[in-house]
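The values are calculated or read from the model by the stated rules, or taken from the named source; none is laboratory data. Quick caveat, the model's predicted, so the values are computed rather than measured. Cβ: placed from backbone, ideal geometry, glycine included. Neighbour counts: every protein chain shown. Surface accessibility is based on the protein's heavy atoms, side chains included, excluding ligands, DNA and RNA. Shrake-Rupley method; radii C 1.70, N 1.55, O 1.52, S 1.80 Å.
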Amino acid sequence: MRKRIQAAKLPFYTQRMTAENWQAEGFPSLVEAESWSGRGCGIASLRMVLEGFGCDCGGQWEMISKGLAAGAYQDGVGWIHGKLAEMAVDFGIFGEAKRGKTLADLQKDLENGFVCMVSVTPYFRFGQQKPDGSFYGKGGHLVPVYGCETEGGKAVAFLLHHPSMYAAYNVPHWAVASEEFAPSFSGNYIRFRKAGTLRQAAAADALAMSRIYAESWKVAFRGNVPDGFLDGLSEEHWVTFFEKTLTEGSLSAKLIFDQERAVGAVAYGAARTELPVGGTLAGSGGDYSAFGEVASLYLLPEYYDKGYGRELLENVRDELLENYEGVYLWVLRENIRARAFYEKLGFVPTEDACLCEIDGKTLTDIRYVYHKYK
């Protein structure tokens with residue numbers, strides 16, 4: 001019996017730019033639009049994926065411009081899979097480039113809820129002769145694959161949209177038989193999924209949160225926090241703290257999940273009077289009593305740069321902004337990765353610093369602020 005698996009419902013976009021659609025797609029001129037008509041498959045496919053996940057990503061030229069700024073396109077090479085995956089993260093979507101994979105790998109990812117942008121021969125013409133006498137090889141054209149049909153547990157067809165620069169080859173909702181798909185499949189694809197599911201944390205989640213924090217500290221702060229402290233950090237280190245604050249309600253917290261696994265956590269609430277780790281304030285201070293505070297946010301190290309942190313932060317930031325004039329947080333001065341992350345999401349560093357000591361070493365945290373009205 002045939003079974004249909006569909007990870008998402010995607011809109012269809014063409015890469016074909018003409019006198020009829022170039023302005024609607026935001027191009028500065030018809031000439032510019034036509035120049036991208038034959039090399040826009042990566043962006044047309046990425047738009048379909050992102051909008052299928054509920055993101056508003058703009059027209060073809062807007063996304064091509066973002067891709068160029070991100071270094072996602074190289075002349076003579078085409079669209080860089082890893083960079084396209086990184087672009088998705090900016091929309092809160094997890095993206096990951098995969099290489100040297102099989103049809104079974106692709107099927108498994110589709111069954112696990114991923115939508116995939118797959119490198120195939122244009123119009124599945126592998127081995128056919130081109131007008132210039134050469135022959136089509138594997139891959140070279142990106143298409144979004146949003147599902148498959150299986151029989152006896154094995155994929156017998158893949159469900160996809162096929163964008164093209166040629167009108168006749170633009171095919172939405174195409175079920176391509178596996179025996180036709182396989183010869184043109186390069187083995188390379190990008191898999192996408194919404195970063196994760198969120199839920200409010202309770203005191204019973206204290207151990208899960210403490211484990212995430214401990215694992216993250218050992219990676220994120222290595223080289224800045226003394227090794228002796230990090231090496232002795234147990235997964236139960238913050239259990240008592242979270243049990244107390246979540247029971248009392250002095251802080252709220254949320255967890256983010258990859259399927260059933262808690263992979264990140266954030267603690268937040270009204271601005272606290274005490275400073276992190278019992279530190280002392282250096283700087284002008286200022287009045288932040290009407291602000292909300294993100295007290296801490298950590299992910300398991302293997303989930304860095306995959307959209308989970310952004311989803312956590314934006315969710316909590318927006319919740320706090322419903323009740324407060326702004327939001328602030330503290331970031332270790334030397335944590336360049338975290339500082340870039342917060343700045344990308346609109347947080348601005350101030351002159352305030354918090355000086356704290358761990359195992360005899362003085363550490364400096366910088367206050368970052370996000371204002372409700374900019």
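So the check is Cβ under 6 Å with 6+ separation or different chains; which pairs have a first residue in the range 243-261 that's more than 20 Å from L313 (Cβ to Cβ) and a second one that's of a type in the set (G, A, S) and surrounded by fewer than 18 Cβ atoms within 10 Å (Cβ to Cβ)?
That search, which allows pairs on different chains as well, returns E243/A203; T247/A203.
Report yes if some residue within the range 22-35 is modelled with pLDDT of 95 or more and touching a His at 6+ places or on another chain (Cβ under 8 Å); otherwise report no.
Of the range 22-35, the ones modelled with pLDDT of 95 or more are 22-35.
Pick out the ones that are also touching a His at 6+ places or on another chain (Cβ under 8 Å) and you get none.
No, there is no match, as no residue in the range 22-35 is modelled with pLDDT of 95 or more and touching a His at 6+ places or on another chain (Cβ under 8 Å).
Check whether at least one residue in the range 286-301 is in contact (Cβ under 8 Å) with a residue 40 or more places away in the chain, out of contact with any Phe, Trp or Tyr (no Cβ under 8 Å at 6 or more places or on another chain), surrounded by 15 or more Cβ atoms within 10 Å (Cβ to Cβ) and more than 14 Å from I366 (Cβ to Cβ), and report yes or no.
Residues of the range 286-301 that are in contact (Cβ under 8 Å) with a residue 40 or more places away in the chain, as a first pass: 286, 288, 291, 295-296, 298-301.
Next, from what is left, pick out any that are out of contact with any Phe, Trp or Tyr (no Cβ under 8 Å at 6 or more places or on another chain): 286, 300-301.
From what is left, the residues that are surrounded by 15 or more Cβ atoms within 10 Å (Cβ to Cβ) are 300.
From what is left, the residues that are more than 14 Å from I366 (Cβ to Cβ) are 300.
There is at least one residue in the range 286-301 that is in contact (Cβ under 8 Å) with a residue 40 or more places away in the chain, out of contact with any Phe, Trp or Tyr (no Cβ under 8 Å at 6 or more places or on another chain), surrounded by 15 or more Cβ atoms within 10 Å (Cβ to Cβ) and more than 14 Å from I366 (Cβ to Cβ).
Taking the range 1-34 as the search range and keeping residues that are outside any loop (DSSP other than H, G, I, E, B) and aliphatic (A, V, I, L, M), which one is most open to solvent (accessible area, probe 1.4 Å)? Reasoning before the result, please.
Taking the range 1-34 first, the residues outside any loop (DSSP other than H, G, I, E, B) are 2-6, 30-34.
Still in the running and aliphatic (A, V, I, L, M): 5, 30-31, 33.
On the way: I5: 25, L30: 54, V31: 112, A33: 0 Å².
Filtering the range 1-34 for residues that are outside any loop (DSSP other than H, G, I, E, B) and aliphatic (A, V, I, L, M), the one most open to solvent (accessible area, probe 1.4 Å) comes out as V31.
If you go through the range 65-86 one residue at a time, how many are open to solvent by 10 Å² or more (accessible area, probe 1.4 Å) and in contact (Cβ under 8 Å) with a residue 12 or more places away in the chain?
Filtering the range 65-86 for residues open to solvent by 10 Å² or more (accessible area, probe 1.4 Å) gives 65-66, 68-71, 73-83, 86.
Adding the requirement that they be in contact (Cβ under 8 Å) with a residue 12 or more places away in the chain leaves 66, 70-71, 73, 78-79, 81-83, 86.
Count: 10.
Checking the structure you have, find out if any residue of the range 347-359 is of a type in the set (A, V, I, L, M), open to solvent by 20 Å² or more (accessible area, probe 1.4 Å) and within 24 Å of the chain's Cα centre (by Cα).
Start the filter on the range 347-359 by keeping residues that are of a type in the set (A, V, I, L, M), which leaves 348, 353, 355, 358.
Now restrict to residues that are open to solvent by 20 Å² or more (accessible area, probe 1.4 Å): 348, 355.
Filter once more, keeping what is within 24 Å of the chain's Cα centre (by Cα): 348.
Checked the range 347-359: at least one residue is of a type in the set (A, V, I, L, M), open to solvent by 20 Å² or more (accessible area, probe 1.4 Å) and within 24 Å of the chain's Cα centre (by Cα).
In the range 250-259, which residue that is in contact with a helix residue (DSSP H, G or I) (Cβ under 9 Å, 6 or more places away or on another chain) and part of a loop (DSSP other than H, G, I, E, B) is most open to solvent (accessible area, probe 1.4 Å)?
S250
Checking the structure you have, find out if any residue of the range 119-127 is within 24 Å of D305 (Cβ to Cβ) and touching a residue at least 12 places away in the same chain (Cβ under 8 Å).
Applying the first criterion (within 24 Å of D305 (Cβ to Cβ)) to the range 119-127 yields 119.
From what is left, the residues that are touching a residue at least 12 places away in the same chain (Cβ under 8 Å) are 119.
Checked the range 119-127: at least one residue is within 24 Å of D305 (Cβ to Cβ) and touching a residue at least 12 places away in the same chain (Cβ under 8 Å).
Does D305 satisfy the condition of being at pLDDT below 95, open to solvent by 80 Å² or more (accessible area, probe 1.4 Å) and among the acidic types (D, E)?
Numbers: at pLDDT below 95: yes; open to solvent by 80 Å² or more (accessible area, probe 1.4 Å): yes; among the acidic types (D, E): yes.
Against the criterion (at pLDDT below 95, open to solvent by 80 Å² or more (accessible area, probe 1.4 Å) and among the acidic types (D, E)), D305 qualifies.
Right, A104: modelled with pLDDT of 95 or more and assigned to a helix (DSSP H, G or I) or not? So that I can check it myself, show each step before the final result.
On the way: modelled with pLDDT of 95 or more: yes; assigned to a helix (DSSP H, G or I): yes.
Considered against the rule, which asks whether it is modelled with pLDDT of 95 or more and assigned to a helix (DSSP H, G or I), A104 comes out as yes.
Checking the structure you have, find out if any residue of the range 150-171 is under 29 Å from the mean Cα position of the chain (by Cα), surrounded by fewer than 16 Cβ atoms within 10 Å (Cβ to Cβ) and not acidic (D, E).
yes
State which residue is farthest from A97 (Cα to Cα) when the search covers only the range 141-155 and only residues that are in contact with a strand residue (DSSP E or B) (Cβ under 6 Å, 6 or more places away or on another chain) and of a type in the set (D, E, K, R).
Checked the range 141-155; the qualifying residue farthest from A97 (Cα to Cα) is E151.
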